[in-house]
């Protein structure tokens, strides 16, 4: 199964990397990014590695939620691939798909 990233997820990823660089340094951001990619790459071989989201409205849509450190990776399993929808900091409030 292939893993695809939505434009929104890529934009969120860039935003988080910028924030880490601003609050720490490039090396820390690079480590975080490598760890995130290592964890999300598991989705390709094990699509159900993360449970459905604990947010009822997202779970009803089949959205899974993988936690990496203080971040939540939201993805959906489709027929031929998995698509990462968004990456949010755990402090960000999410109640429905529009928050992603």
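Values in this text are rule-based calculations from the coordinates and carry no lab data. Model, not experiment: these values are computed from the prediction. We place every Cβ from the backbone using ideal geometry, glycine too, and count neighbours over all the protein chains shown.
Remarks
- Positions within the stretch 75-100 being in contact (Cβ under 8 Å) with a residue 60 or more places away in the chain and not in a strand (DSSP E or B), in sequence order: 80, 100
- Among the residues making up the stretch 1-49, those that are touching a helix residue (DSSP H, G or I) at 6+ places or on another chain (Cβ under 7 Å) and without any contact (Cβ under 8 Å) to a residue 60 or more places away in the chain are 17, 20, 21, 28, 29, 32, 33, 49.
- The stretch 75-98 - residue that is farther than 16 Å from residue 3 by Cα and touching a strand residue (DSSP E or B) at 6+ places or on another chain (Cβ under 7 Å) and, of those, surrounded by the fewest Cβ atoms within 10 Å (Cβ to Cβ): 90
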